[in-house]
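Read-outs throughout are calculated quantities, based only on the coordinates presented, and are distinct from any laboratory measurement. All of these numbers come straight from a predicted model, not from anything done at the bench. Cβ atoms come from the backbone with ideal geometry, glycine included; neighbour counts cover every protein chain shown.
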Amino acid sequence: MELFLSFGSNIEPREDFLKKAIFYLREKIKINKISSLYETEPWGYKDQDNFLNIVIQGESEEDPDDLIKFIKHVEKKVGRGESFKWGPREIDIDIILYGDKIIEKENLIVPHKFFEERGFVVVPLFEINKYIINPKSKRKIEDIYYNVDKRSVKKIDSENFLREIYSDLNINIINEKDYEIEIFDEISSTQDYLKENFSLNKLVLSKIQTKGRGRKGSYWFSEKGGLYFSFSLKPFNYIYFLPILVTYSMANVLKKLGLLDLKIKIPNDLYLNNKKICGVISEGYFKEEKLAGEIIGVGLNVNQSKSDFPDELINKTTSLYIETEKFLFLDEILSLFLSELKRNLIYYENENLDHIISDLERNFKIFEEPFIINSNGEEKRVYGKKIIDYKNLLVQDLNGKIFNIPLHFIP
Ligand code: BTN
């Protein structure tokens, strides 16, 4: 059921209290929209610092009594000390609307009893959805907004605040049983870490990488805002289709998120609107000279803005935020990716990839960009013509000659 919650904090660090509250709430409430930050003068008891307020729109199936219990528990966890009515507080979370429910109990009144008079709720609520109706008063938010006193409600620059919220990694959201998960705030490279601490079916994530590695000795720019992870899989009989499959899985996630102009450059670059958005690296892990597993690294640019990228990258690289002006939760994208990959790995194990091959050819412009092949030590630039099967590709060189190559010719 759709719900709207309002948050306020007037004890420093106010933004951190709001961030933490959202982090914990996400365990039971799926958050779809977060308003900008608003700074507002205190209500009721005036002799205290200004508040920072936001409103979120989310979904929950919790029973209202359980929901309010959970919210109180989150307030405590975030650090709400004892205060008095309308007094200063680290965090205050109110249920404003819960679907069409009208609840009038001693401990819970929904819709919130006074929200229509409070600019610090109505203004952010109007920002995220002006068409909703208060089921109790039957008034439209739009109408309430035009009548409420907005004088002490000031919208403040929220870009970094929102970027940080969306770029946090919450292990409870990933909720993945197939992998043992490790999350870092910062690491040199998830790929190198997994290589040094290898075990099968491990997933390593980091919010920042200081030495993110790309393919062929390049670096992968990994400031806060992107999704950077590496995972291990058992060795496969035939490994060379794996990077394509991983790239394809991420491409499908982005397609499902509504992104249209996607292109895969074989074997493992993903482009959005002709700029690189995702890279995949796939390396064998050897133990006593025997292949013991595969380590796959994925970097996806999600919440970075243009100014986050160094100059030399900005013309060829992009992020989902740059292309859509919307922030996305990194851990939600990762969950979507892992379930998509899981499905595709089963097809791979069963060597049943024909439908994936035709989907790749139909939807992801895989033959638009040339790529390098390495045949017997000689490097050549070629265009793909057709995927013959998951081990062979028909290509055309720059002289027009068409020939068949095995996938492992692509370095
Ligand atoms: C490429 O396109 O060159 C591949 C980029 C792969 C980057 C990812 S980010 C997570 C993982 N850790 C690394 O150091 N590299 C990969």
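For this structure, a couple of remarks:
- Options Ile71, Leu203, Leu320, ranked by Cα towards positive dipole end of the chain, top entry (Cβ charges): Leu320
- Once the C-beta distance of Lys69 and Ser305 is scaled by a Förster radius of 30 Å, the resulting FRET efficiency is 0.20 to the nearest 0.05.
- Electrostatic dipole magnitude of the stretch 84-154 [Cβ: Lys, Arg +1; Asp, Glu -1; Cα centre; debye, to 20]: 140
- In loop segments of the stretch 1-56 as defined by DSSP, the chymotrypsin sites (Phe, Trp or Tyr not before Pro) with at most 13 further C-beta atoms inside 10 Å of their C-beta are Tyr45.
- For Ile402 and Glu2, the FRET efficiency from 1/(1 + (r/R0)^6), where r spans their Cβ atoms and R0 equals 60 Å, is about 0.60.
- Our summary gives the stretch 222-276 a relative contact order of 25 percent, counting only alpha carbon pairs under 8 angstrom and 6 or more residues apart.
- Using a cutoff of 8 angstrom between alpha carbon atoms and counting only pairs six or more residues apart, the relative contact order for the chain works out to 11 percent.
- Mean separation of Cα contacts under 8 Å, 6 or more apart, over the residue count of the stretch 178-236: relative contact order %: 37
- Compared with the alpha-carbon gap, the fully stretched path from Glu39 to Lys342 is longer by 104.6 nm at 0.36 nm per residue.
- Placing a pseudo-label 7 Å from each Cα along the Cα-to-Cβ vector at Glu289 and Glu379 gives an inter-label distance of 3.0 nm.
- Applying 0.36 nm per residue to the separation of Asn50 and Ile102 and subtracting their alpha-carbon distance, the gain on full extension is 15.6 nm.
- Note on the chain: the alpha carbon radius of gyration divided by the globular reference 2.2 N^0.38 Å gives 1.16.
- Nitroxide proxy distance, nm - points 7 Å out along Cα→Cβ at Glu186 and Lys224: 1.0
- Translational diffusion of the stretch 271-411 was estimated from the Stokes-Einstein equation, with Rh taken as the Kirkwood radius over Cα pairs; at 10 °C and 1.306 mPa s the coefficient is 89 µm²/s.
- Rounded to the nearest 20, the size of the Cβ-charge dipole of the chain about its Cα centre is 720 debye, with Lys and Arg at +1 and Asp and Glu at -1.
- Rough spin-label spacing in nm, given labels placed 7 Å along Cα→Cβ, for Arg139 and His355: 5.3
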